[in-house]
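The next block holds one structure in the form of structure tokens; read it before the comments.
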Amino acid sequence: MNKEEILKRMRTAIVEGNKDETEALANEAIKQKLDLNDVIDKGYVPGIEKVGDLWEKGEYFLPELITSAECMKGAMKVLRPELEKAHVSARSKGKVIIGTVEGDIHDIGKNLVASMLSANGFQVIDLGADVKLEKFVEKAEAENADFICLSALLTTTMLGQKKVVEMLKEKNLAGRYKVLVGGAPVNQKWADDIGANGYGENAMVAVRITKKLTGE
Amino acid sequence: MIKTVRPKLEFLSKEFIQKIIEEAHEILEKQGVFVENEEALKLFKEAGMRVDEQTQRVYITRQLAEDSLSSAPSIIRLYDRTGEKEFIVGKDHVHFDPGSAAITILDHKTSEERKPVSEDLVKFCRLTDCLEHYDFQSTGIVSSDVPDLISDSYRLYIGLQFSAKPVVTGTFRVEGFKPMHDMLVAVRGGEENLAEKPLAIFDACPSPPLKWSNLTTQSLIDSAQAGIPSELISMGMTGATSPVTIAGTLVQHVAENLSGVVITQLAKKGAPVIFGGSPSSFDMRKGTTPMGAIETMMIDSAYTQIGKYLNLPTHAYMGLSDSKINDSQAGLETGIGAVMAALSGVNVISGPGMMNFESCQSLEKLVVDNEICGMACRAIEGISQRDEPIAKNLFEGFTQETQFLTMPHTRKWYKEEHTFPGIIDRDTYDYWVSLGKKSIADRASEEVDRLLKETPPSLLDDDILQELRKIMDSDAKACGVSSLPEIKL
């Protein structure tokens with residue numbers, strides 16, 4: 001299989017959500033000693049972009065979207081250790097700390113956003129659900145993150161988003177991280193009120209806004 | 001006379017029901033269920049169940065599940081605040097109550113959602129109290145002018161003060177049970193009286209798939225021991241938190257409900273428990289959970305059929321809408337849901353007044369939905385043979401001039417056979433124009449004002465009220481809340 005063929009099949013595998021194929025192709029690329037970052041940029045990324053297009057057109061729904069995102073994650077899992085071995089870091093659009101805030105166990109929305117961000121080239125550290133507010137800040141500090149994404153499904157827990165923003169201010173970290181908020185009761189006004197940097201009403205918008213904040 | 005048939009909606013064959021239950025049993029036995037509550041885990045161990053302490057996973061044998069089903073009562077009797085009016089929850093009895101725990105209210109004047117305050121909650125309770133097709137009230141609004149910590153007990157505190165109807169409620173924290181139980185006991189005049197004549201139903205929601213959190217498990221245990229009926233609110237979302245097929249979601253629903261029944265029966269044999277839920281179709285495009293989707297209603301109707309097959313009282317979240325305003329979507333989703341629920345014989349139907357994915361209450365919608373519920377109740381009364389013969393005698397010697405308006409037969413039956421709505425529009429066009437071309441939402445808004453102005457609130461006796469205040473104050477104090485909003489009528 002030549003490089004062109006591999007890249008083409010990578011794209012198709014992502015679009016079709018074929019996880020086995022995506023990972024097999026990643027291994028093939030390693031075997032052939034291809035430039036892995038190049039492979040990601042020209043094989044997998046166009047695939048996930050195509051998936052985004054199909055979503056925008058209304059042809060793809062959440063199951064297709066998330067399956068493709070998971071394929072992307074699977075491919076990166078194979079490629080990342082190789083890149084590290086070669087002392088090359090995978091190109092990342094930025095590091096994201098994400099989680100559902102304390103007191104809230106709902107994580108579907110958060111998982112969608114995490115998957116889509118990761119599929120779109122962000123390095124995502126998912127803290128899970130019901131995450132202690134301090135932990136967002138601690139983890140962001142420890143990981144030298146760029147973004148903190150806070151999900152909340154309940155009006156009672158969305159206050160946690162505000163508290164994290166306040167916590168950052170108290171620690172003189174305001175502006176150090178871009179804070180994004182999301183969840184059913186959250187809206188742009190709330191994001192503005194609490195001084196968050198962005199709000200996305202769904203996973204695709206979240207990706208768009210995060211990309212925009214990176215200056216892309 | 002020919003016996004009147006109760007019209008019925010049934011989606012499943014007996015064979016299908018049995019297969020669904022069979023798979024649910026197998027899941028509980030082989031895969032188990034998560035129970036994040038020490039007291040419950042202890043109960044399971046004492047009952048000889050295999051418990052994995054590390055993961056808090058419990059495996060429930062078919063034998064225990066079946067024993068629990070047979071010890072759970074098939075009929076529950078609820079009583080209003082006076083203890084005199086009885087409501088049977090079971091068989092095919094149908095009771096509507098407003099959808100619960102809205103975090104916003106639709107403001108009719110601005111057509112926008114806003115945070116509700118105590119005054120809204122009081123209005124909501126008073127309206128529910130005087131609207132005739134709601135047998136039960138619900139603690140339907142989370143008041144934003146009290147801290148979240150006490151918002152569960154506060155809702156009940158207001159509900160008990162302003163409506164005499166039995167109340168569907170629930171806890172938001174483990175500590176919430178005690179003050180809420182104390183209030184119910186105060187109204188009933190003793191713990192035994194309350195156990196004998198339950199005044200409230202407590203909702204308990206497992207987390208899909210197959211997990212009982214500490215809070216909900218404790219609510220099941222505490223309620224069972226106090227004789228308060230628990231309502232099991234399983235809420236799988238097709239393809240997200242439960243299998244995507246309707247039948248697949250039913251399997252999970254039954255497994256979750258069965259495990260809930262087992263917990264109540266282990267806590268107290270014979271404890272009242274209702275087979276219920278709030279599952280939904282998951283929108284694969286929007287990532288939302290439409291309660292007004294026809295598939296959501298199909299799931300509700302089908303699990304109700306299964307609940308009946310298991311001989312348990314039933315509940316469903318039906319008769320509500322995802323619309324954001326009182327438009328045709330609000331009416332059509334509520335209407336289809338309420339009628340389907342009634343035809344399915346759901347015993348407790350929660351939903352009226354609700355919109356926007358179970359998050360928003362509207363007083364105007366509550367008034368409109370009361371009429372919808374009235375229509376649904378009429379439909380299930382069915383068609384009766386009132387006379388022998390039915391009508392042929394009315395045609396004896398009929399001529400071209402014969403009309404029925406003045407016949408004694410008409411006078412005798414018209415009010416039995418036909419219902420007369422309040423704010424549904426049946427006017428002629430010209431008359432409707434002369435009244436100002438009002439929409440149903442506008443008429444409902446006027447009706448809200450009229451009802452609140454003209455209907456005296458059903459208040460509690462002063463000594464009981466004082467007692468409730470004491471309980472509420474001490475709960476607030478324990479939570480570090482120093483003052484509560486002033487209630488104005």
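The values are calculated or read from the model by the stated rules, or taken from the named source; none is laboratory data. Note that the coordinates shown come from a computational prediction; the quantities given were computed from them, not determined experimentally. Positions of Cβ are backbone-derived with ideal geometry, glycine not excepted, and every protein chain shown enters the neighbour counts. When the accessible area is computed, the model is the full protein with side chains, heavy atoms only, and any ligands, DNA or RNA have been set aside. Shrake-Rupley method; radii C 1.70, N 1.55, O 1.52, S 1.80 Å.
Partner shielding of A:102-108 amounts to 2, given as the average count of beta-carbon atoms from other chains within 10 Å of each residue beta-carbon.
Dividing the summed helix terms, -39500 (n - 2.57) for each DSSP H run of n ≥ 4, by the number of residues in chain A produces a 222 nm estimate of -18000 deg cm²/dmol to the nearest 500. For segment A:95-213, the tally of Lys pairs with Cα-Cα distances below 15 Å comes to 19, considering only residues 8 or more apart or on different chains. Distance between the pseudo-spin-label points of residue B:145 and residue B:424 (7 Å out from Cα toward the beta carbon): 3.6 nm. Using a 10 Å Cβ count of at most 10 others and DSSP loop calls, identify the longest part of chain B lacking such trypsin sites (Lys or Arg not before Pro). That gives B:110-425 as the longest site-free run. Normalised by residue count, segment A:29-71 yields a Cα convex hull volume of 62 Å³ per residue.
Computed about the Cα centre, the dipole magnitude for the protein assembly as shown is approximately 1120 debye when only Lys and Arg (+1) and Asp and Glu (-1) carry charge, each at its Cβ. The C-alpha atoms of chain B define a longest principal axis, and helix B:151-162 lies at about 40 degrees to it. Of all lysines in the structure, the ones whose alpha carbon falls short of 22 Å from that of residue B:91, not counting any fewer than 8 places away in one chain, are B:3, B:8, B:14, B:165, B:197, B:269, B:308. Here segment A:95-213 is treated with +1 on each Lys and Arg Cβ and -1 on each Asp and Glu Cβ, and its dipole about the Cα centre works out to around 360 debye. Looking at segment A:52-84, the GluC sites (Glu not before Pro) that sit in a DSSP loop and have at most 11 other Cβ atoms within 10 Å of their own Cβ are A:59.
Calculated FRET efficiency, residue B:26 to residue B:402, Cβ-Cβ distance, R0 = 56 Å: about 0.30 to the nearest 0.05. Taking amide hydrogens as placed 1.01 Å from N in the peptide plane, the amide H of residue B:135 sits under 5 Å from those of B:96, each at least 5 positions away in sequence or on another chain.
Split the accessible area of segment A:68-169 by element, probe 1.4 Å, and carbon with sulfur accounts for 51%. For chain A, the longest principal axis of the Cα atoms and the long axis of helix A:155-170 meet at an angle of about 90 degrees.
In angstrom, the C-alpha Rg and Dmax of chain B are 23.5, 85.
Panel note: contact residues of segment A:155-180 (accessible area lowered by at least 50 Å² against the chain on its own; 1.4 Å probe) correspond to A:155.
A straight Cα-to-Cα reach below 16 Å connects residue B:178 with the lysines B:470, B:477, residues fewer than 8 places away in its own chain not being considered.
Here the 3J(HN,Hα) profile of segment A:41-55, calculated from phi with Karplus coefficients 6.51, -1.76 and 1.60 at θ = phi - 60°, is 5, 9, x, 6, 4, x, x, 5, 5, 5, 4, x, 4, 5, 5 Hz, Gly and Pro shown as x.
The contact residues of segment B:278-297, meaning those that lose at least 20 Å² of 1.4 Å-probe accessible area when all protein chains sit together rather than their chain alone, are B:282, B:284, B:285.
Against chain B, whose longest principal axis is taken from its Cα atoms, helix B:294-309 shows a tilt of about 70°.
For the pair residue A:170 and residue A:88, label points projected 7 Å from Cα toward Cβ lie 4.5 nm apart. Average accessible surface for chain B: 44 Å² per residue, computed with a 1.4 Å probe over protein heavy atoms with every protein chain in place. Around the amide H of residue B:201, modelled in the peptide plane, lie the amide H atoms of B:167, B:168, B:169, all under 5 Å away and 5 or more residues distant in sequence or on another chain. Buried surface for the A/B pair, taken as the accessible area of each chain alone minus that of the pair with a 1.4 Å probe, is close to 1000 Å² in total.
Near residue A:129, once Lys and Arg are set to +1 and Asp and Glu to -1 for all other residues with Cβ below 9 Å from its Cβ, the sum equals -2.
What is the percent carbon and sulfur in the accessible area of segment B:70-381, measuring with a 1.4 Å probe over the protein chains and ignoring ligands? Within segment B:70-381, the accessible surface is 54 percent carbon and sulfur.
Of the residues B:408, B:424, B:397, the one whose Cα sits farthest towards the positive end of the charge dipole of segment B:397-438 is B:424 (charges of +1 on Lys and Arg Cβ, -1 on Asp and Glu Cβ, taken about the Cα centre).
Couplings 3J(HN,Hα) for segment B:116-125, derived from phi with the Karplus relation 6.51 cos²θ - 1.76 cosθ + 1.60 (θ = phi - 60°), are x, 10, 3, 4, 5, 4, 4, 4, 4, 5 Hz, where x marks Gly and Pro.
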